[in-house]
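S.K.: My questions will all concern the structure given below.
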Amino acid sequence: HTLRMDPVEYADNKVKPMDVRGRVVLECCSGLGYVTSSLLSRGAKRVVSIEADPAVLQLSRYNVHSSSLGDPRVDLLVSDVVVAVRRMRSEAFDVVIHDPPTLKRDTGHLFSLELYLEYSRVLKRGGVMYHYLPHPGEKYRNRNIGKGIVSRMRTAGFRIVKETNDGLYAVLVRKPTVEATE
């Protein structure tokens, strides 16, 4: 998501504010596995990582920093995130990391209330979620998609506890009582 710093350091900066030691983590949109690597190095017990693009996983075979995707503590799923999460057991995770590609026409479902409701279902109450916050159109079109993301996350039962330029940290405070209407 950035050219501002080393991708290993960038991934670690996302994980650092959360206590993942001994925790079960759901990582969505794993890409080349930089976040997975950081989670494991910080003591995550198990990581379920989802990546929809087989081409990205093919590239990971040639990236020295992607070896964590083959770690025995990692379950790597090649699937659309929404489809995969729907099949998961309720309250199975302590932490969710949602690091989708930048919002485009074909990635809009990765920012949907439907997905956030599924995250609230699979996350334990009091669990923590990190959500990458893209900024398409802000510079030239004065567009802020973050407000919509925050609103949908709140509807799904999350309380935003920290916002950085690149993401949101939230805690699941209640199970939602609404159904996805998107």
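S.K.: Do you know which residues across the stretch 143-158 are surrounded by fewer than 16 Cβ atoms within 10 Å (Cβ to Cβ) and at pLDDT below 90?
M.R.: The answer is Arg143, Asn144, Lys147, Gly148.
S.K.: Which one of Glu91, Glu114 is on the phi > 0 side of the Ramachandran plot, touching a residue at least 12 places away in the same chain (Cβ under 8 Å) and more than 13 Å from the chain's Cα centre (by Cα)?
M.R.: Among Glu91, Glu114, only Glu91 is on the phi > 0 side of the Ramachandran plot, touching a residue at least 12 places away in the same chain (Cβ under 8 Å) and more than 13 Å from the chain's Cα centre (by Cα).
S.K.: I'd like to check something: does the stretch 85-96 contain any residue that is over 19 Å from Arg174 (Cα atoms) and at pLDDT below 95?
M.R.: No; the residues of the stretch 85-96 include none that is over 19 Å from Arg174 (Cα atoms) and at pLDDT below 95.
S.K.: Would you say Val161 is open to solvent by 30 Å² or more (accessible area, probe 1.4 Å) and either at pLDDT 70 or above or assigned to a helix (DSSP H, G or I) (or both)?
M.R.: In short, yes.
S.K.: Of the conditions (1) modelled with pLDDT of 95 or more; (2) within 20 Å of Val48 (Cα to Cα); (3) not basic (Lys, Arg), Ala170 fails just one. Which one is it?
M.R.: Exception for Ala170: condition (1).
S.K.: With the stretch 1-83 as the region, which strands (runs of 3 or more DSSP E) entirely inside it contain at least 1 residues that are free of Cβ contacts under 8 Å to residues at least 40 places away in the same chain, open to solvent by 50 Å² or more (accessible area, probe 1.4 Å) and touching a helix residue (DSSP H, G or I) at 6+ places or on another chain (Cβ under 8 Å)?
M.R.: Filter on the stretch 1-83 gives 74-78.
The values are calculated or read from the model by the stated rules, or taken from the named source; none is laboratory data. All of these numbers come straight from a predicted model, not from anything done at the bench. Ideal geometry is used to build each Cβ from the backbone, glycine not excepted, and the neighbour counts take in all protein chains shown. The area values use the complete protein model at the heavy-atom level, side chains included, leaving out ligands, DNA and RNA. Shrake-Rupley method; radii C 1.70, N 1.55, O 1.52, S 1.80 Å.
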